[in-house]
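The values are calculated or read from the model by the stated rules, or taken from the named source; none is laboratory data. Quantities reported herein were computed from a predicted structural model and do not represent experimental measurements. Backbone-built Cβ (ideal geometry, glycine too); neighbour counts: all protein chains shown.
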Amino acid sequence: MAEFRADLHIHTVLSPCGELEMSPSNIVRIAKEKGLDIIGITDHNSTRQAKMVRDLGREHGIYVLTGAEVTTAEEAHCLAFLPDDEKLDEFQAYLDAHLPFIRNNPEKFGYQVVVNVDEEIIYEEERLLIPAINQSIEEVEKKVHSLNGIFIPAHIDKKMYSVLSQLGFIPPTLRYDALELSRHTTVADFIAANPYLKNATFIQSSDAHFPDEIGSVFTIFDIPSISFENIQKKNTLI
């Protein structure tokens, strides 16, 4: 086994709350500087920048999980990662079908753009990405797993936009692959307050919207080698 550092919750310029400096080139460069081996690209309700980061990551020895941070009908945030481009595209079509059309106001919410490796804008998303889609957390989980993806309720310790803040508990029928904690707590403190989750697998991620947040916390994966399948097996250390 080997240990690999992973920060699985990073936003790019595509997220309206993401700093414009969060380009694929900057994200990969900073991940390399921070000693990260694995990162996850998780823009709000969109996967459209993820492939660009993944392709650039390959050139620099960074493994990139491609996916999105989905806002469910309950206003709970969840991370979804897909194993290949075909399934990523299918998941994007699912998000497009269920996200309400509310036109973005860049002056109020921020720009939502996809950029290339030269940081040139190649696409601008007109639809505001931060509203909830019209699918429950259980429906999103089932869709992700039907595509052989990884499903992780995000920053569950937060007082807003988490499954615990919105529902008050983790539904016992929810098939999550791990639970994510923010950088504002520890696994030990969280389990002490929520002992019914002591047997869950936890990751901890930065939820980076700004360059200096990347890798501010991370998870160590104890796996034989880096692959989607090995990450999916949930052999992790904090």
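Mind telling me which of the residues A208, A132 ends up being within 22 Å of L99 (Cβ to Cβ), at pLDDT 95 or above and aliphatic (A, V, I, L, M)? Lay out the reasoning, then the answer.
Details: A208 fails: within 22 Å of L99 (Cβ to Cβ).
Criteria check complete, one pass: A132.
Filtering segment 171-188 for residues that are modelled with pLDDT under 95, in a loop (DSSP other than H, G, I, E, B) and among the charged types (D, E, K, R) leaves a non-empty set. Condition first: out of contact with any strand residue (DSSP E or B) (no Cβ under 7 Å at 6 or more places or on another chain), surrounded by fewer than 21 Cβ atoms within 10 Å (Cβ to Cβ) and not in a helix (DSSP H, G or I). Now tell me which residues in segment 3-59 satisfy that. C17, E19, L20, E21, K34 - these are the residues of segment 3-59 that are out of contact with any strand residue (DSSP E or B) (no Cβ under 7 Å at 6 or more places or on another chain), surrounded by fewer than 21 Cβ atoms within 10 Å (Cβ to Cβ) and not in a helix (DSSP H, G or I).
The number of residues in segment 1-45 being at pLDDT 95 or above and within 17 Å of the chain's Cα centre (by Cα) comes to 27.
Being in a loop (DSSP other than H, G, I, E, B) and modelled with pLDDT under 95 is the requirement here; does N199 meet it? Yes: the conditions hold for N199. Only one of the listed residues (E141, E119, E107) is part of a helix (DSSP H, G or I), in contact (Cβ under 8 Å) with a residue 40 or more places away in the chain and either within 25 Å of N26 (Cβ to Cβ) or under 16 Å from the mean Cα position of the chain (by Cα) (or both). That residue is E141.
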